[in-house]
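Read-outs: derived from the displayed coordinates by stated rules, not from any lab. Because the structure is a prediction, the values reported are computed rather than measured. No Cβ is skipped: glycine too gets one built from the backbone with ideal geometry, and neighbour counts run over all protein chains shown.
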Amino acid sequence: MYQIIQKRKIWLSISGFLVLASIIALGIWGLNFGIDFTGGSLLEVKFRDDRPSVVDVNTKLGDMDLGSLIVQPVDEQGMILRFQEIDEEKHQEVLTRLNELVSSEDDVVIETEIATSTDDMASSTDGIEILTTKVNDSYVEELRFDSVGPTIGAELKSKSVTAIVVVLVAIILYIAWAFRAVSKPVASWKYGLAAIVALFHDVMITLGVFSILGYLYEVEITTAFVAAILTVLGYSVNDTIVVFDRVRENLPKSSDDFEGTVNTSVNQTIKRSVNTSLTTLLVLLSILFFGGTSIRDFVLALSIGVFVGTYSSIFLASPVLVLWEKLGRK
Amino acid sequence: MEGNFISKLFEPSARAKVWRIFIFIIVIFVISGSIAGGSYLNKGVDYLKNKTGISINLPGLPEIPFKLGLDLLGGTHLVYTADMSEIDNADRASALEGVRDVIERRVNVFGVSEPLVQTNISGGDYRIIVELAGIQDVAEAVKMIGETPLLEFKEEDTAQRELTEEERKIMDDFNTESLTKVTEVIAKVVAGEDFATLAKTYSDDDNTKDNGGELGWITANDYPQVAGEVENYEVGDTSKEYIVAENGYEIFKLNDKRVKTNPFDETQKETEVKASHLLLCHNEIEGCESGLSKEDALAKIKEIETEATPNNFTDLVKEYSTEPGASETGGELGWFDRNTMVEPFTVTVFDNQEVGTISYIVETQFGYHLIYKEDERDIIEYNVSHIYVATISEADIIANDSRNWKLTELTGKYLDRASLSFNPNDNSAEVSLEFDSEGSDLFADITGRNIGKPVAIFLDGQPISIPTVNGQIFGGRAVISGDFSIDDAKLLAQRLNAGALPVPIEIVSQQTVGATLGHVSLQASLKAGIIGLILVALFMILYYRLPGIFAVVALMFYGVVILAMFKIFSVTLTLSGLAGLILSIGMAVDANVLIFERLKEELASGKPSGIAIRDAFERAWTSIRDGNVSTIITCVILYIFTTSMVRGFAITLGLGVIVSMFCAIFVTRNLLQLVISDKISKNTWLLAYKKTIND
């Protein structure tokens, strides 16, 4: 039997420190919201041959009035460009210019080749045109393009906040209902509140990590991130409920005091908690490493949340419950 | 041994029940498997057939493909807002539906398997969401949707504004200059200078100036003013003075004149007829308000026929005719030629009727007619050249200014068909419009209330044609004439056919995923899913041993069932949806873990296997239920509050959690009951538990 509850000061300090650090990180750097929320455009392209330098791209697109243009190389041949929201015409213009940037030198070669190899002048000019366009087309490949208007962004933001609030409320209500029969020595709503403390802890730390990642690696907060946070809420509360459920079951037949009973319950469920999050983390990590770039941030948020959620269900929710019971007796 | 006794007592029936459930599970597994993997099984059957040469026709399985989202297929998600500022509040929702219909038609051209076009009203914003999955050329699609023309019909706003001082000055200056110019030109014409050269130099008619101002052969029917002017000219004569016309000054030259003949048979003269008619429509004709059935209408017109004489015809028309406005016009149609009226009407009047008589009853698409043929004459054709000097009027300035036009209900929404046509007079390219029945009624209303006034046809917010209405037009046909080249007119007709939008739209959000990225993402997620599945399976077997194997079997069962469900409910699989699915693999094991941990405890306390399994499930159930309910709540809320990309995640995770719960309490339990006897349950290694001493 591990003395988990007894050593609660250690766990509470660790959690407290992490939450505090997260709050500080959020205070300093805030969150790096993606264009889903702020509005703007994101263009990811892959260059067939050599990738032009960031400076070249900046100069080439400089006079297009794209707002703040941020160019960021990714992988071997990719590049992500961020700029303000634009219409389709400008979008195509950006692609054309990128094409020009990488294709101009080679075109000369092709043109001369054809001009010398064809006798009929009229058809040779046609030939050049057809060939150069074909070559142009394959120089730059558009992997994805997102352009979001500011109204949509603002709306998404408010929707996300609503969703989070609704999830929280629904979960508190559910826990209060699920534990309605338990009243001694701790009232049922306190279980709910302890679970919420754990939730708050999980979400704050996940946000804190993303604040730091946003600052260091420009990881963005997208709608998918909100979905991840909401899933973490569900997952974390799931974990906490399993522990509390055991407490609920053990309380009537236990001869031990509340602290002892809770500790027994935590010990009985710890293997399950660890194993479940282990299997979940196994699949999450396999997506993280093999699942492609598009959902990497999303899965990262889930992984952090699941990990922290498991920790908090063992080392935070139950100690908080015991602490509360102790304070109540004084 | 109390436990043994009890379990033996219940064994016969309990055992049978376990087997029945097992068979049921197998059946579900086979059905789901054949739905989920239909194509693979079919391939396998084909392979066997080829390999063994057996020619028995095995029944093939239906092959339902997975529905992949655009982030996996490649494609684009577009959000448009419709500008409703000019639409009444009450009509906005239906206008939005109109936009959707048009875009849908537009989008169907792209050959995307299942294009999605949705409307969405959010706050004060009217939106159209278009999702094109698997589309090859996104840029072209966006362009084609965006390019769709906006066709509007506008009438004059009765609240006419005054010209501003600046505008008046521009107009006056322009007109003074025109007058100077035309005075100069007429002097030269009268002095005998070459008309064609003068036309080339001075005429403002861009269509004719290069041909020496030649208008070609015209008749009084199509150019009443011109014909009226040159009527008395001798061939070769020019105007002696300039003529003040509606939009400028005209100088004519009569090159030639002749009696019009049939273009296919020059010996046959063409004539025109002056006639009036009496119309009785009936309730089989759209828009008819007579209230008469077809039989009644026929009976009534027969009655009228017996009474009718040339003298009382006008009175009868005024009394009985159902044609709108007949009580004023007396059914007078004026002069018309063979090409003007519908066929039965023309055949009667031109081929079967003497001047001064009343016809037999003629049935047309408008109802029953009696026609009084008042006069018939040869059509004189004039070959005329002209020099045109433009002036501008107040109306021109105001007409060019869209603020002084007000919208009518008639828009491109009601368009049935647009086609390229040619003006019979000058062969210039035009676009003919045909409206649907609702549009025809609207058009009749609009022309009816604007007789003698201009009606403007706006394309993409610009007036392209502002004809003046001569009379009410039924039948829903209109012509847009303007300075079109043939190609322009053809293109416009094509664009209009593809669909004209009732309101302007603007793209506000675009998410495009290239096909390559989609493919890569799909491959990567499949790989990740398989690796995840293997890792979880390994972990479960290594840690829980025999029950672990059951959990893996249950997991495979879960996998097959969930894939079958995706196909049955045609759930769109997006990238986030696949993430949800993979995540649910991890979570699916959760229930098993809960049960196995309990089972270990129960077995450790020395309970016989049957009781231990039952207790383990009972005790684990509350935890499984409470835990999963919270996840399901989250999924439901995610589904309600988010957009398509995240929705996929919510659906797959939610479905996954529900199905996995079912698997755990059904499949795992059944397997445990089936295999674990008391004898096996004593094997602590196989079940991975340690006996405790206290019980």
What FRET efficiency do you get for B:ASP222 and B:VAL347 if R0 is 25 Å and r is their Cβ-Cβ distance, rounded to the nearest 0.05? 0.65
What are the extents of the Cα atoms of segment A:178-228 along their three principal axes, listed from largest to smallest and rounded to whole Å? 49, 18, 7
Exposure proxy order (Cβ contacts within 10 Å, fewest to most) of A:ASP87, A:ASP75: A:ASP75, A:ASP87
Grab the beta carbon distance between B:ARG258 and B:THR340, set R0 = 22 Å, and tell me the FRET efficiency rounded to 0.05. 0.60
When all Cα-Cα pair distances of segment A:1-59 are considered, the percent exceeding 16 Å is 72
From a point 7 Å beyond the Cα of B:GLU409 in the direction of its Cβ, which residues of segment B:64-99 have a backbone N at a distance under 12 Å? B:91
Test item: A:170-177 mean partner chain Cβ contacts at 10 Å: 3
Neighbour-limited loop hits for chymotrypsin sites (Phe, Trp or Tyr not before Pro), segment A:1-84 (at most 15 other Cβ within 10 Å; DSSP other than H, G, I, E, B): A:TYR2
For a paramagnetic label modelled at 7 Å from the Cα of B:SER393 toward its Cβ, which residues of segment B:446-467 fall within the zone defined by backbone nitrogen distances under 11 Å? B:453-454
Exposure proxy order (Cβ contacts within 10 Å, fewest to most) of B:LEU407, B:LEU254: B:LEU407, B:LEU254
Rounded to 10°, Cα long-axis angle of helix A:317-329 versus longest principal axis of chain A: 40
What helices does chain B have that are whole DSSP H segments, at least 27 Å long along their own axis by Cα, and with mean Kyte-Doolittle hydropathy of -1.0 or more? B:2-36, B:165-190, B:515-544, B:546-568, B:575-604, B:609-641, B:644-663
Cα coordinate range in chain B, projected on the principal axes (Å, largest first): 132, 64, 60
Report the Cys residues of the protein assembly as shown lacking a disulfide-compatible partner, meaning no second Cys Cβ under 4.7 Å from their Cβ. B:CYS635, B:CYS663
Cα gyration tensor of chain A diagonalised, 5x eigenvalues square-rooted, in angstrom largest first, produces semi-axes 58, 19, 16
Taking only the alpha-carbon positions of segment A:231-284 and ignoring solvent, what does the Debye formula give for the base-10 log of I(q)/I(0) at q = 0.13 Å⁻¹? -0.36
Using the Kirkwood formula on the Cα atoms of the protein assembly as shown, what hydrodynamic radius do you get, in angstrom to one decimal? 36.2
Between A:PHE289 and B:SER570, Cβ-based FRET efficiency (R0 25 Å, step 0.05) works out to 0.20
Using label points projected 7 Å from each Cα along Cα→Cβ, tell me how many nm separate A:ALA21 and A:ASN58, to one decimal. 3.4
The protein assembly as shown, dipole about Cα centre (Lys/Arg Cβ +1, Asp/Glu Cβ -1), debye to the nearest 20: 12100
Please provide three numbers in whole Å: the alpha-carbon extents of segment B:592-635 along the principal axes, with the largest listed first. 40, 13, 11
In segment B:256-301, if every C-alpha pair distance is counted and binned at 5 Å from zero, what percent goes to each bin? 5, 17, 15, 11, 6, 8, 8, 14, 11, 4, 1
Using only C-alpha positions, report the orientation-averaged shadow area of the convex hull of segment B:320-383, nm², one decimal. 5.3
Arranged by the count of other C-beta atoms within 10 angstrom, fewest first, what order do B:ILE145, A:ILE4 take? A:ILE4, B:ILE145
Proximal lysines relative to B:LYS453, as straight alpha-carbon distance under 16 Å, when same-chain residues fewer than 8 apart are discounted: B:LYS154, B:LYS406
Per q in 0.23 1/Å, what log10 I(q)/I(0) does a Debye calculation on the alpha-carbon atoms of segment B:165-265 return? -1.35
Stretchable slack from B:ILE243 to B:ASP487, in nm (0.36 nm times residue separation minus alpha-carbon distance): 84.4 nm
Once both label points are put 7 Å beyond Cα along the C-beta direction, the B:ASN89-B:ASP206 separation in nm becomes 4.5
Quick one: Karplus J couplings for segment A:191-198, per residue in order, coefficients 6.51, -1.76, 1.60, θ = phi - 60°, nearest Hz, x for Gly and Pro? 4, x, 5, 5, 5, 5, 4, 4
What length, rounded to one decimal in nm, is gained on full extension from B:HIS519 through to B:LYS300, with 0.36 nm per residue of separation minus their alpha-carbon distance? 71.6 nm
I need the trypsin sites (Lys or Arg not before Pro) found in segment A:29-108, filtered to DSSP loop residues with at most 15 other beta carbons within 10 Å of theirs. A:ARG48
Per-residue average of Cβ from other chains inside 10 Å of A:232-239: 6
Filtered hits (lysines, Cα-Cα < 29 Å from B:LYS302, offset >= 8 within chain) -> B:LYS274, B:LYS294, B:LYS318, B:LYS373
Helix-only [θ]222 nm of chain A, DSSP H runs n ≥ 4, -39500 (n - 2.57) each, per residue, nearest 500: -25000 deg cm²/dmol
Taking only Cα atoms of segment B:401-486, the Rg to Rh ratio with Kirkwood Rh works out at 0.94
Loop GluC sites (Glu not before Pro), segment A:33-97, which have at most 16 other Cβ atoms in a 10 Å radius of their Cβ (DSSP): A:GLU76
Ignore the peptide's own chain and count Cβ atoms of other chains within 10 Å of each Cβ in B:663-676; give me the average, rounded. 0
